[in-house]
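Let me begin by presenting the structure, written as structure tokens, before commenting on it.
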Amino acid sequence: MSRTPRPIRSDIAWSTADRITIRGRDLPSEILGHMSLADLSFLQLTGREATPEQSQVYNAILIALVEHGLTPSALAARLTYAGAPESLQAAVAAGLCGVGSVFVGSMEGTAQMLAEALAGDDGTLDLAETAAGIVAGFRARGTIIPGLGHPFHKPIDPRTPRLFEIAADNGLAGRHVELMQLIGREAERVSGKSLPINATGAIGALTGELGLAPKVVRGLGVMARAIGLVGHLMEESEQPLALELWHRADDEACAHLRPAGSGA
């Protein structure tokens, strides 16, 4: 069966023996020494340079996602490193596999929820009514509203007000932020529970303000968390805890199987 080949095309970068160009900018003369890593990643993802205001908000988003302690992703990375210390990249990859709908990746769900609600909005959409409809819909389906609630940070996720403050200071606290805040208040009202907007909820709203497509939002978590995981692995190499966690888990999980007085 014959097939007509389709053109192969990429608009991101090209290089020659003496030149490297990324998104139309010369790497040595226009990027190195002129852009931060965050600004370059914004250019890489969007094809446009961030304004100073967008840069402040985008950089805050990435920083907020780098580190949050001994999370499942950090533990997975450390345990993988304990078994394969020669493969740092495999340990980082193992940790990144846990960036999903429960941890970090929930900001993608928030971004999608807000994007769908605000699609075609010309500034006249009743956001309070929209928020009430969104909350009612999630409750009817028996599903969790993305971006709300946190197992530890109650009644406020300390990252959220600061992220919203940075957005407001830079003129980027628009209708995505307003709708997310209304959803949070409505969810608490109808449930009678404390459901703070968590950091991923705030970030999902801010990515909408930056004009980022929801499908790329989880990628921000991957980028930022990779930095945090490398830090955990450096600590693991100098101050290991993974093997101790393994031994403790094995001892406790299997204690009921061992004969009494075995000394194990």
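The values are calculated or read from the model by the stated rules, or taken from the named source; none is laboratory data. Please read these numbers as outputs of a predicted model, since none were measured by experiment. Positions of Cβ are backbone-derived with ideal geometry, glycine not excepted, and every protein chain shown enters the neighbour counts. Surface areas here come from the heavy atoms of the whole protein model, side chains and all, with no ligands, DNA or RNA. Shrake-Rupley method; radii C 1.70, N 1.55, O 1.52, S 1.80 Å.
Pairing each residue of segment 27-42 that is more than 17 Å from Ala60 (Cβ to Cβ) with any residue that is not in a helix (DSSP H, G or I), provided the two are 6+ apart or on different chains, yields C-beta distances under 7 Å for Leu27/Ile20; Leu27/Thr21; Ile31/Ile22; Ile31/Arg25.
Residues in segment 96-125 that are closer than 15 Å to Met180 by Cα and within 13 Å of the chain's Cα centre (by Cα) were compared, and the one that is most open to solvent (accessible area, probe 1.4 Å) is Glu108. Remark: Thr160 matches the filter, which requires a residue to be touching a strand residue (DSSP E or B) at 6+ places or on another chain (Cβ under 6 Å) and either among the acidic types (Asp, Glu) or surrounded by 16 or more Cβ atoms within 10 Å (Cβ to Cβ) (or both).
Scanning segment 71-90 for residues that are under 20 Å from Asn198 (Cβ atoms) and free of Cβ contacts under 8 Å to residues at least 40 places away in the same chain, we see that the one that is surrounded by the most Cβ atoms within 10 Å (Cβ to Cβ) is Thr71.
Is it the case, given these coordinates, that Leu65 is in contact with a strand residue (DSSP E or B) (Cβ under 9 Å, 6 or more places away or on another chain), touching a residue at least 24 places away in the same chain (Cβ under 8 Å) and either hydrophobic (A, V, I, L, M, F, W, C) or on the phi < 0 side of the Ramachandran plot (or both)?
Working: in contact with a strand residue (DSSP E or B) (Cβ under 9 Å, 6 or more places away or on another chain): yes; touching a residue at least 24 places away in the same chain (Cβ under 8 Å): yes; either hydrophobic (A, V, I, L, M, F, W, C) or on the phi < 0 side of the Ramachandran plot (or both): yes.
Spelling it out, Leu65 is indeed in contact with a strand residue (DSSP E or B) (Cβ under 9 Å, 6 or more places away or on another chain), touching a residue at least 24 places away in the same chain (Cβ under 8 Å) and either hydrophobic (A, V, I, L, M, F, W, C) or on the phi < 0 side of the Ramachandran plot (or both).
Across segment 153-173, a minimum of one residue is classified as out of contact with any Asp or Glu (no Cβ under 9 Å at 6 or more places or on another chain) and within 17 Å of Leu70 (Cβ to Cβ). In the set Gly211, Gly261, Gly171, only one residue is in a loop (DSSP other than H, G, I, E, B), more than 19 Å from the chain's Cα centre (by Cα) and under 28 Å from Phe42 (Cα atoms); that residue is Gly171. Just a yes or no: is a residue in segment 174-190 in a loop (DSSP other than H, G, I, E, B) and either open to solvent by 40 Å² or more (accessible area, probe 1.4 Å) or modelled with pLDDT under 95 (or both)? Scanning segment 174-190 turns up no residue that is in a loop (DSSP other than H, G, I, E, B) and either open to solvent by 40 Å² or more (accessible area, probe 1.4 Å) or modelled with pLDDT under 95 (or both). Of everything in segment 191-214, what is modelled with pLDDT under 95, open to solvent by 40 Å² or more (accessible area, probe 1.4 Å) and at negative phi? Give them in sequence order. Across segment 191-214, the qualifying residues are Lys193, Ser194, Leu195. Can we say Asp169 is farther than 16 Å from Gln112 by Cα, exposed (fewer than 13 other Cβ atoms within 10 Å of the Cβ) and out of contact with any Cys (no Cβ under 8 Å at 6 or more places or on another chain)? Yes; evaluated as a whole, the condition is true for this residue.
Of everything listed in (1) closer than 30 Å to Glu236 by Cβ; (2) open to solvent by 40 Å² or more (accessible area, probe 1.4 Å); (3) of a type in the set (Asp, Glu), the single unmet condition for Glu129 is (1).
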